[in-house]
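Coordinate-derived values only; no laboratory data. Computed from a predicted model, the values in this text were never measured in an experiment. Please note: Cβ atoms are built from the backbone with ideal geometry, for glycine as well, and neighbour counts cover all protein chains shown.
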Amino acid sequence: MKKIALISLAVAALLLSPLLYVAGTFALNGPIPDEQFQQALPSIVENLEVKIEGNGDKTLVMIHGYPDSLEMWEPQVEFLKEHYTVARFTLPGFEQKDTGERPHYSIQQIRMISDAFIASLNAEHVTVIAHDWGAMYASHYLAQNDLVDQLILLDIGSYGSEPTPAINAKYTFALGIAWTLPETLGHKLTLYTAEHILELEKNVDPNKSVHDLRTDPRMTYPYWHLWNAIFTKTLPTAVAVEDFGTELLFIYGEDKQIWFHGEQWQQQVIDLNKGQIEAVPGGHWFTESSPALINTMIHDWISAN
């Protein structure tokens with residue numbers, strides 16, 4: 001009986017080990033403490049990878065998402081720098097060249113980095129253009145604020161009161177786990193997520209190949225922090241549409257099966273006259289597949305507002 005009990009315990013431990021590992025990583029790997037972060041913030045901003053081009057009166061700030069860097073904006077900058085001052089930075093840890101460092105900041109901390117970067121530009125107000133996680137981070141500017149007077153969100157909106165689709169939970173959780181794994185395994189999981197969970201070319205962007213993506217797990221920390229905030233009930237509350245105080249242009253790609261905003265949210269923005277919403281050809285990375293269209297749309301909207 002004793003032997004059977006020991007075997008049963010061993011089997012139970014083996015079966016539960018993945019769950020225990022996941023629970024442990026979310027319990028033990030919290031973000032940098034806020035006091036330490038505040039002390040480090042000036043240095044973090046000073047060491048961001050930054051490019052500033054153009055000399056226009058209006059300043060644009062571009063914030064990318066996963067798994068990109070400031071280079072993703074090249075097709076837009078080539079056009080927009082003729083009309084504006086264009087500032088862009090790479091999220092910490094997303095640099096094209098791996099520095100060997102593994103910074104990871106919570107949603108609120110990245111927002112503070114963004115705030116501090118914008119403040120460092122000494123512009124009266126700026127227009128923020130943000131894609132993917134950049135749009136998630138920048139969405140707090142939808143509330144009236146002293147830094148941003150125009151906000152352009154690309155392909156990432158809100159679900160409002162609608163339930164988040166199950167596929168979104170699956171892929172974000174998988175990428176969150178990838179960040180906790182040894183890098184070889186994390187790389188395999190990020191690639192598996194793109195190929196088999198998201199089915200990237202079929203569901204997300206027909207113009208983007210899995211082989212075009214960087215699958216380095218050092219860039220998946222936003223997903224880990226997302227789920228950490230969900231589990232700890234510290235996820236920042238989205239700005240309600242009726243509380244929008246910043247001019248909004250929301251552009252989304254219509255050629256995809258997985259959506260990153262809800263129809264009810266979209267309709268509420270229109271009904272309450274809280275922003276302009278445009279659907280464009282292409283998938284999630286329509287800035288790459290239709291640059292001339294997007295550049296003109298952005299420039300016309302900024303000029304008209």
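Quick look at the numbers
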| item | result |
| --- | --- |
| Principal-axis tilt of helix 34-46 within the chain, Cα atoms, nearest 10 degrees | 50 degrees |
| Selection of trypsin sites (Lys or Arg not before Pro), region 183-256, meeting DSSP coil and at most 16 other Cβ within 10 Å | ARG214, LYS233 |
| Entry for Cα extents along the principal axes in Å (calculated from the structure that is shown) out of (i) 79, 72, 37; (ii) 80, 42, 38; (iii) 69, 44, 38 | (ii) |
| Extended-chain gain in nm, criterion 0.36 nm per residue less alpha-carbon gap, ASP98 and ASP300 | 69.0 nm |
| Sequence-distant residues sharing a close amide H with MET62 (under 5 Å, placed H) | ALA87, ARG88, PHE89, ILE129 |
| Sites matching GluC sites (Glu not before Pro) across region 235-272 that sit in DSSP coil, with at most 13 neighbouring C-beta atoms within 10 Å | GLU254 |
| Full-stretch length increase - GLU263, GLU278 - with 0.36 nm per residue and alpha-carbon distance subtracted | 4.1 nm |
| Part-to-part distance (alpha-carbon centres) for region 113-150 and region 200-252, which is given in Å | 16 Å |
| Zone residues, region 156-174, relative to TYR192, backbone N less than 11 Å from point 7 Å out along Cα-to-Cβ | 174 |
| Label-point separation, LYS170 to ASP271 (7 Å along Cα→Cβ), nm | 3.1 nm |
| Integer Hz, Karplus 6.51/-1.76/1.60 couplings in order for region 179-188, x for Gly and Pro | 5, 8, 8, x, 4, 5, 5, x, 4, 5 |
| Distance between modelled label sites at ALA116 and ALA229, nm, 7 Å Cα→Cβ extension | 1.8 nm |
| Sequence-distant lysines (8 or more away, or on other chains) whose Cα lies within less than 18 Å of LYS97 | LYS51 |
